[in-house]
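So the structure is just underneath, and the comments pick up after that.
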């Protein structure tokens with residue numbers, strides 16, 4: 001039986017946060033199930049996990065520059081959005097959620113999100129106080145109202161050495177939501 005990921009193109013946006021290591025595990029899981037994955041790392045995400053990790057896992061170059069005419073003559077944001085069956089942002093930092101909710105576009109990932117005509121999923125990850133902040137909750141509500149799927153963070157031990165809500169969902173849970181989303185698209 002074929003995987004729901006076989007032959008599907010997934011753009012995985014990685015924003016800054018300790019949970020970026022889980023994005024590598026998600027990438028591996030998706031590729032093992034037959035998906036073509038292109039990783040888009042924000043400049044700050046590269047402080048947490050390197051492009052070489054995602055290039056090795058996907059077998060593809062990592063996209064990180066808005067202007068790369070050799071690789072993307074029409075613009076990386078346009079070409080990647082056009083080929084994607086789904087765009088997943090994991091982890092989605094508070095900053096990235098704010099950009100996406102307001103339509104700000106000052107890097108490749110936030111610009112790509114404005115071009116995406118396919119389903120978009122966000123898997124937030126941040127400190128519990130940040131996650132509970134009214135501004136973050138407004139941004140999440142706006143993204144959901146705009147049609148995005150939010151894979152809610154879990155509760156548990158956070159990198160700030162506290163417990164609470166804000167842990168990025170586990171890669172298997174995110175993959176399940178991606179699979180459900182793709183099953184609804186032919």
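The values are calculated or read from the model by the stated rules, or taken from the named source; none is laboratory data. Every value quoted in this text rests on a predicted model; they were computed, and no experiment measured them. No Cβ is skipped: glycine too gets one built from the backbone with ideal geometry, and neighbour counts run over all protein chains shown.
The table below lists the values:
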| quantity | calculated |
| --- | --- |
| Residue 35 vs. criteria in contact with a strand residue (DSSP E or B) (Cβ under 6 Å, 6 or more places away or on another chain) and over 20 Å from residue 124 (Cβ atoms) | yes |
| Filter result for residue 35 (over 27 Å from residue 185 (Cβ atoms) and at pLDDT 95 or above) | no |
| Output for the range 46-62, where each listed residue is more than 26 Å from residue 5 (Cα to Cα), assigned to a helix (DSSP H, G or I) and touching a residue at least 24 places away in the same chain (Cβ under 8 Å) | 47 |
| Residue count, the range 116-128 (criterion: over 27 Å from residue 160 (Cα atoms) and surrounded by fewer than 21 Cβ atoms within 10 Å (Cβ to Cβ)) | 4 |
| So residue 60, is it farther than 10 Å from residue 13 by Cβ and touching a helix residue (DSSP H, G or I) at 6+ places or on another chain (Cβ under 9 Å) | yes |
| One residue from 104, 135, 169, 141 being at pLDDT 95 or above, in a loop (DSSP other than H, G, I, E, B) and out of contact with any strand residue (DSSP E or B) (no Cβ under 8 Å at 6 or more places or on another chain) | 104 |
| Failed condition for residue 18, given (1) in contact (Cβ under 8 Å) with a residue 60 or more places away in the chain; (2) more than 24 Å from residue 179 (Cβ to Cβ); (3) assigned to a helix (DSSP H, G or I) | (3) |
| Qualifying position, being surrounded by 14 or more Cβ atoms within 10 Å (Cβ to Cβ) and at pLDDT 95 or above, among 54, 48 | 54 |
| Criterion (touching a helix residue (DSSP H, G or I) at 6+ places or on another chain (Cβ under 6 Å), surrounded by fewer than 17 Cβ atoms within 10 Å (Cβ to Cβ) and over 16 Å from residue 23 (Cβ atoms)) met by exactly one of 137, 163, 142 | 142 |
| Residue 113 vs. criteria assigned to a helix (DSSP H, G or I) and surrounded by 23 or more Cβ atoms within 10 Å (Cβ to Cβ) | yes |
| Considering residues of the range 5-19 that are at pLDDT below 95 and buried (at least 19 other Cβ atoms within 10 Å of the Cβ) only, the residue nearest to residue 152 (Cα to Cα) | 19 |
| Count of the range 63-101 residues which are assigned to a loop (DSSP other than H, G, I, E, B), modelled with pLDDT under 95 and surrounded by 15 or more Cβ atoms within 10 Å (Cβ to Cβ) | 5 |
